[in-house]
Every structure is written in C-alpha cells, then in structure tokens.
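Below is one structure; the comments refer to it alone.
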Amino acid sequence: MIYDVIVVGGSYAGVSAAMQLARARRSVLVIDAGQRRNRFAATSHGFLGQDGNSPDAIADQARRQLLAYPSVTWRGASAVAAEKQADVISIATSDGLTFNARRLILASGVTDELPDIPGLAERWGRQVFHCPYCHGYEVGKGNIGVLASSPLAIHQALMLPDWGPTTLFLNGAFQPDAEQSEKLAQRGVSLEQEQVVSIGGERLEVTLASGRVITLAGLFVQPRTHLNNPLIKQLGLAVESGPLGNFLTVDQMRETSVAGVFACGDAAVAAGNVAIAVGDGARTGGAAHQSLIFR
C-alpha cells in the first residue's frame with residue numbers, strides 16, 4: 001500500500017496536520033514514538049477550549065478524534081530511516097517495518113537542552129519554564145526569576161514584569177550594555193550578578209555562590225533546542241540557525257528543501273507553544289493535501 005501522506009510525530013502539530021488530510025478523505029499513516037516536548041508539564045495554557053488541561057488529556061482527546069476517521073492508521077514506533085525515489089517516500093520504523101507514501105510531513109519536534117544546574121531539570125515544566133504566555137499567569141504575581149544562558153535572556157526579562165516582580169540572574173552568561181540596563185531598570189527588573197549553584201526546595205529556592213537563597217514563584221530559562229530526527233540528514237533537508245537552535249527550512253506552503261516533504265510544529269517554527277503548533281499543523285496538512293492535487 002502507498003499512503004497519500006505519512007506524518008512522523010503524533011503530538012499537537014502532527015495530529016492537527018493529519019486531521020486536515022483525514023477530512024479530505026486521504027489515507028494517512030501517523031508514526032509516533034510518544035515523546036511530546038511538553039510531557040513534563042502538569043498543565044497546558046493558552047490553547048482555546050483546553051486551557052488548564054493536562055498535556056496528556058489534550059493529546060489523548062486529539063488522537064481519539066483523529067482515529068475516528070477511517071482513513072487514518074496510527075503506528076506506535078520511531079521512524080528510523082527514510083528514502084525518496086521519484087514520487088514515493090519510504091519510511092522504516094523501529095519495529096522493523098517499512099511504509100510508503102506520496103508525501104511526508106515531519107512533525108517530530110525538538111529536544112530541549114537545559115542549563116546544567118543541579119535541581120533545574122527535575123523542575124522543568126512545573127516550576128521552571130520557557131514560555132511566559134504558557135505559564136506566566138500561574139505564578140500569581142509572585143517573584144519571578146530569569147536564568148540567563150545567553151543574551152536572549154534580555155527578551156524574557158523585559159516581558160516577565162507583566163506577570164510579577166522579576167529578577168534576572170546573569171549567571172555569567174553575559175553582561176547587559178548601557179542601553180539594555182536602562183530598559184531593564186525602566187521595567188523594574190532586578191539584576192543578580194552572583195553565580196547560581198543549585199535549585200531546590202518546594203517553593204523554588206535559588207541558591208547563589210555566596211550561600212544566599214532567593215525564593216521564587218517561577219523560573220524562566222532559554223533552553224537550547226536540537227533537531228534529533230535522523231530522517232532530516234538522510235533526506236538532506238536544509239536547516240536554518242535560530243537564536244536557540246536549528247530548525248527546518250520551509251517555504252510559504254510549509255514544504256522543505258526536498259519536494260514532497262513538509263514540516264510543521266517546533267521542528268519548523270522557532271517557537272514552542274501548543275496553539276502555534278496546532279495552527280501550523282493545520283496549515284501544513286492543508287498544503288500537503290493541495291500538493292497532491294495541483295502538481
């Protein structure tokens with residue numbers, strides 16, 4: 001069998017893309033390894049109709065709704081190899097099978113690399129975050145920290161005072177220039193020069209090199225992101241350098257540098273947000289469908 005489209009990645013962007021194709025009565029195979037980027041978060045926010053629900057509940061509901069369409073097949077596995085010959089794309093999976101399709105959508109996301117500070121990773125998605133729009137409201141106007149890992153921390157630090165009193169922990173990552181310092185002062189952001197040595201406590205306690213402890217309601221960081229899908233190199237897809245990591249190059253129709261291969265979600269958009277991923281998936285699914293008709 002040759003599917004119309006294979007979607008690699010069954011998180012929010014991938015399911016959204018597959019939904020558009022299913023509703024166009026196209027045959028779709030979704031290959032999913034079950035590693036959503038936001039699996040560490042207790043709740044998800046900012047997505048209409050699902051605000052405050054758990055990521056698991058949102059994903060499970062989306063999958064059930066998708067699989068109600070008879071033209072959709074779901075495969076719980078990893079996509080480990082890809083080959084394109086003429087107009088057919090072959091995908092091999094971790095369970096030893098090979099599937100063919102006329103189009104491929106990569107919605108496999110990215111992997112986050114957090115600063116190497118004891119106690120930080122254990123609180124990722126629960127007390128430590130990257131998206132103010134996703135989690136800023138829940139800190140309840142409490143004290144907020146921004147842990148700098150690059151000069152991009154300035155962007156978070158200037159935004160977050162809208163959600164609560166903000167301290168920028170420079171942590172040796174960079175030193176604000178005069179203009180940046182003025183803008184931070186105008187926003188009421190406090191600067192902390194001491195090195196952060198650990199994160200702990202039920203109330204999120206930041207311990208500094210001197211032993212001083214600052215208690216926060218939430219801490220925001222700028223993780224590096226990595227494209228770990230092996231299919232990207234195997235297919236020779238072009239990538240672009242973003243401020244925090246590489247992402248796939250796509251055109252206005254969400255097609256990559258290889259004809260017939262599309263991409264959506266965090267792998268193709270330099271932003272991590274459920275609502276954005278769902279919208280990008282819908283756009284990509286529609287584009288892939290139209291490519292089956294108009295070329």
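The values are calculated or read from the model by the stated rules, or taken from the named source; none is laboratory data. Keep in mind that what you see is a predicted model, and the values were worked out from it rather than measured. Please note: Cβ atoms are built from the backbone with ideal geometry, for glycine as well, and neighbour counts cover all protein chains shown.
Numbers below:
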read-out: In region 277-295, the residues that are closer than 9 Å to Gly14 by Cα and either surrounded by fewer than 19 Cβ atoms within 10 Å (Cβ to Cβ) or small (Gly, Ala, Ser) (or both); value: Ala277, Gly281, Ala282, Gly285
read-out: Qualifying residue in region 142-150 (condition: part of a strand (DSSP E or B), touching a helix residue (DSSP H, G or I) at 6+ places or on another chain (Cβ under 6 Å) and surrounded by 18 or more Cβ atoms within 10 Å (Cβ to Cβ)); value: yes
read-out: Filter result for the condition that a residue is on the phi > 0 side of the Ramachandran plot and surrounded by 14 or more Cβ atoms within 10 Å (Cβ to Cβ), over Gly172, Gly260; value: Gly260
read-out: Enumerated strands (runs of 3 or more DSSP E) restricted to region 54-136, each holding at least 1 residues that are assigned by TED's automatic domain parsing to the domain that holds Met19, in contact (Cβ under 8 Å) with a residue 24 or more places away in the chain and in contact with a helix residue (DSSP H, G or I) (Cβ under 9 Å, 6 or more places away or on another chain); value: 72-76, 79-85, 88-93, 98-106
read-out: Test result for Gln186, assigned by TED's automatic domain parsing to the domain that holds Glu138, of a type outside the set (Ser, Thr, Tyr) and farther than 21 Å from Pro118 by Cα; value: yes
read-out: Single residue of region 200-213 satisfying the filter (more than 22 Å from Pro151 (Cβ to Cβ) and in a strand (DSSP E or B)) that is farthest from the chain's Cα centre (by Cα); value: Val213
read-out: Hits in region 2-50 - residues which are farther than 23 Å from Pro132 by Cα, in contact with a strand residue (DSSP E or B) (Cβ under 7 Å, 6 or more places away or on another chain) and assigned to a loop (DSSP other than H, G, I, E, B); value: Gly9, Gly10, Arg26, Ser27, Gly34
